[in-house]
Amino acid sequence: GAGKGTQSGRIRGFYDIATISSGDVLRRNIAEQTAAGLKAKEAVARGELVSDAIIVELIRNELTTVSANWMLDGFPRNLVQAQALDHMLAETDQPLNSVINLAVPEDVILQRIVERYVHVPSGRVYNLTYNPPKVPGRDDVTGEPLEHRPDDNPESFKRRLDQYHELTEPLLEYYGKRGILSSFAGATSDIIFPQIKAFLDERFE
Ligand code: AMP
């Protein structure tokens, strides 16, 4: 809800880089009713983290499909996943060179997710106020129907936030100590994106 999908979409508009979004990968697996999707479905709808074994295998698989430049969106979400990622990347000798933290006020996120719709096959995200689809309820590119995420409701949001504080927030220290963490703050994606772009332009000149 902090705008990971929006920011990664904008980053792709400026740089030659692929995205692997753990949330999108899960939603695709759920829609296609794969074995992993069936196991993950309930946890995602409740706003709980999917088991590490499932998500780590899905991401490992996705990483085999990308080549030069890539970013992960929504993974890792806890220390076990971060360590699993370190091991995966050590095997191919490509350590992480940058971690981006989006710092967005919680009340802003809650307001935003209630108005959010997604196109599951592509992961494209719309917001009824900031970024409405051209045709209501339809994806701009394919014309296919948009969905309201089952976890975008106040109850699941509260659980996602609790899990974030308990499990994900410790990653700020994990990557901060390694000197690869950058945080960008703001109430809208329009305020945050120029900061990220300036950082990336300088960091990856
Ligand atoms: P997101 O689209 O990033 O907000 O993720 C939506 C939901 O998918 C989360 O609330 C979790 O249920 C699940 N999920 C996404 N990424 C992960 C992950 N790295 N580990 C466990 N569950 C995840």
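The values are calculated or read from the model by the stated rules, or taken from the named source; none is laboratory data. Just so it is clear, the structure is predicted and the values come from calculations on it, not from any experiment. Neighbour counts run over all protein chains shown; Cβ positions are idealised from the backbone, glycine included. With ligands, DNA and RNA removed, areas are computed over all heavy atoms of the protein, side chains included. Shrake-Rupley method; radii C 1.70, N 1.55, O 1.52, S 1.80 Å.
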In the range 51-70, the residues that are more than 13 Å from the ligand (Cβ to nearest atom) and either open to solvent by less than 70 Å² (accessible area, probe 1.4 Å) or hydroxyl-bearing (Ser, Thr, Tyr) (or both):
Leu63, Thr64, Thr65, Val66, Ser67, Trp70
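Taking the condition farther than 24 Å from Ile30 by Cα and modelled with pLDDT of 90 or more, does Val118 pass? Don't jump to the end; show me each part of the working.
Numbers: farther than 24 Å from Ile30 by Cα: no; modelled with pLDDT of 90 or more: yes.
So Val118 does not fit the description; no.
Search the range 25-48 for residues being hydrophobic (A, V, I, L, M, F, W, C), surrounded by fewer than 20 Cβ atoms within 10 Å (Cβ to Cβ) and touching a Ser or Thr at 6+ places or on another chain (Cβ under 9 Å), and hand back the single one that is farthest from Val120 (Cα to Cα). Show your work before the answer.
Taking the range 25-48 as the starting set, the residues that turn out to be hydrophobic (A, V, I, L, M, F, W, C) are 25-26, 30-31, 35-36, 38, 40, 43-45.
Now narrow it down to the ones that are surrounded by fewer than 20 Cβ atoms within 10 Å (Cβ to Cβ): 31, 35, 38, 43, 45.
Next cut, touching a Ser or Thr at 6+ places or on another chain (Cβ under 9 Å) only: 43, 45.
Working: Ala43: 17, Ala45: 14 Å.
The extreme case among them is Ala43.
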Taking interchain pairs and intrachain pairs at least six residues apart, which have beta carbon atoms under 8 angstrom, with the first residue in the range 3-21 and open to solvent by 70 Å² or more (accessible area, probe 1.4 Å) and the second not in a helix (DSSP H, G or I)?
Lys4/Ser21; Lys4/Asp73; Lys4/Gly74; Lys4/Leu102; Arg12/Ala18; Arg12/Thr19; Asp16/Ala68; Asp16/Asn69
Within the range 22-44, track down each residue that is near the ligand (Cβ under 8 Å from one of its atoms) and either among the hydroxyl-bearing types (Ser, Thr, Tyr) or touching a residue at least 40 places away in the same chain (Cβ under 8 Å) (or both).
Ser22, Gly23, Asp24, Arg27, Val44
Would you confirm whether or not the range 67-81 contains a residue that is over 14 Å from the mean Cα position of the chain (by Cα) and within 20 Å of Phe184 (Cα to Cα)?
no
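Determine whether the range 135-156 contains at least one residue that is within 16 Å of the ligand (Cβ to nearest atom), at pLDDT 95 or above and either surrounded by 19 or more Cβ atoms within 10 Å (Cβ to Cβ) or part of a strand (DSSP E or B) (or both). Reasoning before the result, please.
Let us first name the residues in the range 135-156 that are within 16 Å of the ligand (Cβ to nearest atom), namely 146-156.
In the following step, the residues that additionally are at pLDDT 95 or above were identified as 146.
Checking which are either surrounded by 19 or more Cβ atoms within 10 Å (Cβ to Cβ) or part of a strand (DSSP E or B) (or both) leaves us with 146.
Yes, the conditions are met somewhere in the range 135-156.
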Being open to solvent by 80 Å² or more (accessible area, probe 1.4 Å) and within 13 Å of the ligand (Cβ to nearest atom) narrows it down to one residue among Arg116, Arg77, Arg112; which is it?
Arg77
Output the residues belonging to the range 80-105 that are in contact (Cβ under 8 Å) with a residue 60 or more places away in the chain, in contact with a Lys or Arg (Cβ under 7 Å, 6 or more places away or on another chain) and within 16 Å of the ligand (Cβ to nearest atom).
Leu102
